[in-house]
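Each remark here refers to the structure printed beneath this line.
The values are calculated or read from the model by the stated rules, or taken from the named source; none is laboratory data. Computed from a predicted model, the values in this text were never measured in an experiment. Backbone-built Cβ (ideal geometry, glycine too); neighbour counts: all protein chains shown.
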Amino acid sequence: MLRGLLLAGSATALLSGGALAADLPRRAAPPPVFTPVPVFTWTGFYAGFNAGYAFTEADTVRTVGIGALQNNVNNNLRRPAVRVSQDGFTGGAQIGYNNQFTPGSGIVVGLEADAQYTDLQRSVTESIFLPAINANRLTNTYRTDLSFLGTVRGRIGYAFDRVFVYGTGGFAYGDVTNTVAFQTNAPITYFGNRSRIETGYAYGGGIEYALPTDTMLNVFRSSAVTLKVEYLRYDLGARNLLVASTGAPLSPGVGYLARVRTEGSLIRAGINYKFGTY
């Protein structure tokens, strides 16, 4: 009988405990963990490389004679204007800094400096024989060369998240060589040469796109990798070159003045590695 009472008491205790447990408030499930996706910004330093195509349209050598030698120009023995257009490869590097006022989409301003090799060199040689005017065979040679070009430019544009459209403009400089040689029969009778750093300006625009950070192109583990396509116009001005008498036979007079203008365009693609803010 005692055993029965013990069993009955245990059952009653179990039932009472279950009822009390049912009355207790249930523990709320923890809220889901939300990890915000970082908003991309163009703010930060960057460096990269570029390559493309360079060409000129206005590299015309214009010649006037000093004193009586202008008659040779008037008679096309020394031509008044000769085009020395050029085109070729360009490649180099750039470094800069951008500041975006509002992350995501917004206005971006920056400063960029670049330097590149340019395969812009060309020679034009003309052989002129007009016996009714001059019994000698005249040979005129014109050479222009822009071996490298550098710029320091501001950039301003608008970012649509990872797409940045911009305009650019600023200072330009380049290593320019100009040579003009006039021959009368075999000897060079008039010669002029100038090789120096010329300065001017550059302007243009482009579009740039930021790739995901984990792209295989991110070899430097930067905060972003961007690709760009850009057009740049440069103008290093015009200079007068004295094509002076060499003292050779058949070279009477002081010589000629040749005016050469150095300007052209670059169409290029580039890659930048951004360091700093995401």
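Residues are listed down the side, and each one gets a yes or a no for (1) surrounded by fewer than 18 Cβ atoms within 10 Å (Cβ to Cβ); (2) modelled with pLDDT of 95 or more; (3) part of a loop (DSSP other than H, G, I, E, B):
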| residue | (1), (2), (3) |
| --- | --- |
| Gly17 | yes, no, no |
| Ala21 | yes, no, no |
| Ala51 | yes, yes, no |
| Ala58 | yes, no, yes |
| Leu69 | no, yes, no |
| Ile95 | yes, yes, no |
Filter segment 220-278 for residues that are under 16 Å from Tyr117 (Cα atoms) and among the hydrophobic types (A, V, I, L, M, F, W, C) and give the result. Leu232, Leu236, Leu266, Ile267, Ala269
Test Arg78 against the criterion of being in contact with a strand residue (DSSP E or B) (Cβ under 6 Å, 6 or more places away or on another chain), outside any strand (DSSP E or B) and crowded, with 21+ Cβ neighbours inside 10 Å, and give yes or no. yes
Taking the criterion of being surrounded by fewer than 21 Cβ atoms within 10 Å (Cβ to Cβ), closer than 26 Å to Ser265 by Cβ, at pLDDT below 95 and small (Gly, Ala, Ser), would at least one residue in segment 121-130 satisfy it? yes
Out of all the residues in segment 228-235, is one or more at pLDDT below 95 and either under 16 Å from the mean Cα position of the chain (by Cα) or part of a strand (DSSP E or B) (or both)? no
Conditions (1) buried (at least 16 other Cβ atoms within 10 Å of the Cβ); (2) farther than 21 Å from Tyr166 by Cα -> Val225 fails only (2)
Options Ala181, Ala135, Ala202: the member that is assigned to a loop (DSSP other than H, G, I, E, B), more than 25 Å from Phe275 (Cβ to Cβ) and either in contact (Cβ under 8 Å) with a residue 24 or more places away in the chain or of a type in the set (A, V, I, L, M) (or both): Ala135
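With respect to Gly206, determine if the residue is modelled with pLDDT of 95 or more and either among the aromatic types (Phe, Trp, Tyr) or touching a strand residue (DSSP E or B) at 6+ places or on another chain (Cβ under 6 Å) (or both).
Details: modelled with pLDDT of 95 or more: yes; either among the aromatic types (Phe, Trp, Tyr) or touching a strand residue (DSSP E or B) at 6+ places or on another chain (Cβ under 6 Å) (or both): yes.
It is true that Gly206 is modelled with pLDDT of 95 or more and either among the aromatic types (Phe, Trp, Tyr) or touching a strand residue (DSSP E or B) at 6+ places or on another chain (Cβ under 6 Å) (or both).
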